[in-house]
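Enquirer: The structure's right below; bear with me while I get my questions together.
The values are calculated or read from the model by the stated rules, or taken from the named source; none is laboratory data. What you see is a predicted model; the values in this text were computed from it and never measured. Neighbour counts are summed over all protein chains in view; Cβ atoms, including those assigned to glycine, are modelled from backbone coordinates with ideal geometry. Ligands, DNA and RNA are excluded from the accessible area calculation, which covers all protein heavy atoms including side chains. Shrake-Rupley method; radii C 1.70, N 1.55, O 1.52, S 1.80 Å.
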Amino acid sequence: MEYNIALLKGDGIGPEIVDSAVKVLEKIGEKFGHKFNFTPYLIGGCAIDEVGEPLPKETVDGCLASDSVLLGAVGGYKWDNLSGDKRPEKALLGIRSALGLFTNLRPAKLYPALKEASPLRQDIVSKGFDLLIVRELTGGIYFGERGYRDGKYGNEAYDTEAYSEMEIKRIAKVAFETAMKRNKNLISIDKANVLETSRLWRKIMHETAKDYPEVTLTDMLVDNGAMQLVKNPQQFDVVVTSNMFGDILSDEASQITGSIGMLPSASLGETKRGMYEPIHGSAPDIAGQNKANPIATILSAGMMLRYSFDLQTEADAIEKAVDSVLEKGYRTADLVGDSGITPLSCTEMTDKILEEI
Ligand code: IPM
Ligand code: MG
């Protein structure tokens with residue numbers, strides 16, 4: 001089969017890690033007889049520098065015309081002082097919305113080979129954990145009305161959280177379907193003791209649960225959820241939550257796996273076209289130094305094969321190759337800690353993974 005992939009390399013380490021994932025996809029293509037065509041488009045800070053805006057129309061059109069999108073990362077010190085709608089991050093929200101990507105899947109899995117890298121006590125992580133956060137991605141406070149107004153104490157800024165029944169229902173469906181494919185254990189995280197949007201969220205989760213009698217649904221308040229994640233991460237299988245809570249909890253979940261450099265993500269909508277990206281940022285401090293860990297982006301390419309192209313064997317091949325280099329003890333700089341292991345560069349790690357495929 002032939003697939004057209006839009007490449008949004010972005011800023012910082014984005015170009016290096018996307019190049020690594022492209023090499024891996026090309027290798028998969030050779031081995032399994034597929035052809036991947038790659039077309040690069042500008043996004044984020046580099047787009048601001050070249051054409052004056054973080055999300056050019058050509059980029060949106062190019063992504064809409066592609067079968068799927070692979071993104072590196074956006075942002076950096078250089079653009080940190082721009083106003084809200086000129087910032088590189090705005091492009092990320094814009095492209096998610098333009099492509100209708102309302103679901104964000106963020107797996108956080110503890111690799112046995114990396115157990116020591118977890119900041120949690122070894123008795124907590126010794127049994128490992130493997131959870132998946134289903135984050136609503138195009139609604140809530142990140143997309144609500146915002147601005148400045150004359151408030152009780154003078155000038156004030158405000159942001160608003162709004163969720164329609166439709167938006168909650170469609171993410172609930174994805175979460176239950178996902179739970180059905182895993183251990184049928186779904187935890188819905190909200191703040192229903194305070195927020196009206198959360199009370200609606202909870203009501204719709206329970207209505208949807210009636211269509212999935214095999215799935216156990218548990219409600220959890222977000223503050224407790226943040227605590228439970230570090231106390232007993234094993235209790236989580238699939239987690240469903242709103243845009244902002246998912247943003248925060250997915251960073252926490254990634255950190256307890258030991259390295260944010262390992263975790264991929266998939267953003268999906270109603271069609272097969274998705275956007276796949278590492279959950280870490282653009283790491284401007286190590287950009288251009290060939291030091292970045294390419295694994296999260298390589299695994300994101302694997303998720304693309306699995307979710308957008310239904311290529312399960314090919315996706316398995318990528319995941320197995322990553323497992324195997326880690327088992328053999330190869331590490332990038334973010335993973336060595338005080339182990340005394342000499343770290344591999346981004347391209348060396350990529351080559352090791354290519355050898356395994
Ligand atoms: C993420 C990021 C983005 C988000 C920012 C950069 C807009 O933190 O992908 O988690 O909050 O969605
Ligand atoms: Mg985030």
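Enquirer: What's the longest uninterrupted piece of the chain once you rule out the GluC sites (Glu not before Pro) that are loop residues per DSSP with at most 15 other Cβ within 10 Å?
Expert: By the stated rule (loop sites, at most 15 other Cβ atoms within 10 Å), 1-144.
Enquirer: Additional query: When only Cα pairs under 8 Å and 6 or more residues apart are kept, what is the percent relative contact order across the chain?
Expert: 22 percent
Enquirer: Please calculate how many Å² of accessible area segment 129-216 carries per residue, with a 1.4 Å probe and no DNA, RNA or ligand atoms counted.
Expert: 55 Å²
Enquirer: In the chain, what percentage of the DSSP-assigned beta bridges are antiparallel, given to the nearest 5?
Expert: Antiparallel bridges: around 45 percent, rounded to the nearest 5.
Enquirer: Calculate what fraction, in whole %, of the accessible area of the chain sits on carbon and sulfur atoms when a 1.4 Å probe is rolled over the protein chains.
Expert: Ligands and nucleic acids excluded, carbon and sulfur give 51 percent.
Enquirer: To the nearest 10 square angstrom, how much accessible area does Leu42 have with a 1.4 angstrom probe?
Expert: 50 Å²
Enquirer: With N set to the number of residues, divide the alpha-carbon radius of gyration of segment 1-140 by 2.2 N^0.38 Å and report two decimals.
Expert: Taking N as the residue count of segment 1-140, the ratio is 1.24.
Enquirer: Assuming a viscosity of 1.567 mPa s and a temperature of 4 °C, what translational diffusion coefficient in µm² per second does Stokes-Einstein assign to segment 292-357, Rh being the Kirkwood radius over Cα pairs?
Expert: 106 µm²/s
Enquirer: Would you mind computing the Rg to Rh ratio of segment 110-254 from its alpha-carbon coordinates, Kirkwood style for Rh?
Expert: Here the Rg-to-Rh quotient is 1.04.
Enquirer: So what is the accessible area of segment 282-346 per residue, in Å², with the probe set to 1.4 Å?
Expert: I get 40 Å² per residue for segment 282-346.
Enquirer: Still on this structure, please answer the following. Net charge around Lys328, counting only other residues with Cβ within less than 12 Å of its Cβ (Lys, Arg = +1; Asp, Glu = -1)?
Expert: So the surrounding residues net to -2.
Enquirer: How much accessible area per residue does segment 19-65 have, in Å², with a 1.4 Å probe?
Expert: Ligands and nucleic acids excluded, the result is 49 Å² per residue.
Enquirer: Restricting to Cα pairs below 8 Å that are 6+ residues apart, what does the relative contact order work out to for segment 39-144? Please round to a whole percent.
Expert: Computed over segment 39-144, the figure is 24 percent.
Enquirer: Pairs Lys231/Lys272; Lys127/Lys231; Lys27/Lys57; Lys23/Lys291; Lys35/Lys57; Lys173/Lys320: which are spaced more than 25 Å apart, C-alpha to C-alpha?
Expert: Over 25 Å Cα-Cα: Lys231/Lys272; Lys27/Lys57; Lys35/Lys57; Lys173/Lys320.
Enquirer: Using C-alpha positions alone, give me the convex hull volume of the chain per residue in cubic angstrom.
Expert: 148 Å³
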